[in-house]
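First comes the structure, then the notes that go with it.
The values are calculated or read from the model by the stated rules, or taken from the named source; none is laboratory data. The structure presented is a predicted model; accordingly, all values stated were derived computationally and were not measured. As a convention, Cβ positions derive from the backbone with ideal geometry for all residues, glycine included, and neighbour counts pool all protein chains shown.
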Amino acid sequence: MDVAAVRTFVAVVEAGQFQEAAADLSITPQAVSKRVAALESELGVRLFTRDARGARITIDGQAFLPHARAFLQAAQRAADSVRPGGRALRVDVIGRRLSLAGLLRGFHLAHPGTALDVVTLFDFDAAIAAVQAGTIDATFRAVTMPGRRLPQGVEAAPVFDEPLHLFTGPGHPFADAAAVTPARLAGRRVWMPGNLPGTEWAAYYDELAAAFGIVIETVGPNFGIEHLLDTIAGSTTLATFVSEQTPLAWPAGHSLRRIPIVDPTPVYPHSLVWRTDNPHPGLAELRAHLAPSSPGRPESGVWVPGWARPGRA
């Protein structure tokens with residue numbers, strides 16, 4: 001069904017005359033007549049009768065009118081879904097419970113007029129392919145992980161280096177420590193069942209473990225964060241890593257501990273990735289909003305993988 005013809009029909013109903021509808025639509029009265037006639041031919045009914053007082057809607061026209069208006073609203077929504085600024089900004093985060101979702105919440109509070117659609121894609125390749133295809137507008141990733149390069153036309157900018165904490169139960173040897181160094185973690189068991197081979201976070205923790213002699217165990221099924229917290233709370237030997245700004249809540253009886261890691265502090269390098277020809281105005285707003293949060297990585301006091309250091313890919 002021709003959207004222009006349906007829009008013309010509604011305009012005639014609202015104006016009451018073909019000539020006034022033509023003026024409202026900035027077309028000629030002849031064009032209005034042709035569009036209405038074409039619509040009537042397609043529907044097989046008369047929509048108007050014309051007399052000295054103008055255009056009067058028929059019974060069939062009255063029956064069609066609410067559906068015509070709904071049709072035009074649906075057409076507008078369809079157009080808005082692909083029109084820059086008319087659709088929600090689609091941004092991928094690895095998990096909705098991680099700190100990156102918090103960054104997006106801050107953006108939403110600062111720009112409440114920008115519609116935001118948060119999605120979660122599992123791995124690096126799927127996220128970058130979605131950016132390249134235009135099915136999402138941006139993603140947060142550790143883009144310099146080994147063996148991964150961005151395709152032409154896709155760019156990335158560092159936005160957030162997030163410090164790690166050691167997470168233990170009350171019976172762990174480091175439970176009462178104010179801070180711990182990576183060197184003191186040598187030989188210690190860190191349980192991270194979500195570290196799947198080939199993922200960007202597994203690449204990060206593999207190099208962290210190799211750099212400081214940490215024993216990262218990934219065995220066992222991954223039943224989610226609640227099971228992980230239960231296990232850590234009851235163990236005197238197992239710990240895990242969590243990012244500094246990852247929001248966590250646990251039962252009071254668990255008495256879990258978050259312990260800063262210092263000298264150096266391992267930081268996870270988050271970057272925002274987007275397609276350079278993406279015209280969505282919300283993307284420019286997001287990049288500008290995140291820019292103050294990435295003042296630059298200090299030259300000392302932190303640790304990142306070799307593949308995340310300046311000049312490396």
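Worth pointing out:
- Answer residue from the range 243-288, given it is charged (D, E, K, R) and farther than 30 Å from Arg188 by Cα and is surrounded by the most Cβ atoms within 10 Å (Cβ to Cβ) among those: Arg275
- Scanning the range 169-200 for residues that are closer than 20 Å to Phe223 by Cα and of a type in the set (S, T, N, Q) gives Asn195, Thr199.
- Tabulated pairs, the range 183-207, first part of a loop (DSSP other than H, G, I, E, B), second crowded, with 17+ Cβ neighbours inside 10 Å and among the aromatic types (Phe, Trp, Tyr), C-beta under 6 angstrom, 6+ apart or interchain: Ala186/Phe212; Asn195/Tyr205
- Hey, Glu200 surrounded by fewer than 16 Cβ atoms within 10 Å (Cβ to Cβ), in contact with a strand residue (DSSP E or B) (Cβ under 8 Å, 6 or more places away or on another chain), of a type outside the set (Phe, Trp, Tyr) and at pLDDT below 95 or not: no
- Some residue of the range 209-225 being closer than 30 Å to Trp274 by Cβ and in contact (Cβ under 8 Å) with a residue 40 or more places away in the chain: yes
- Residue check, Arg141 within 30 Å of Ala252 (Cα to Cα) and touching a Ser or Thr at 6+ places or on another chain (Cβ under 9 Å): no
- Of the strands (runs of 3 or more DSSP E) lying entirely inside the range 1-109, the ones with 1 or more residues being touching a residue at least 40 places away in the same chain (Cβ under 8 Å) are found at 54-57, 89-92.
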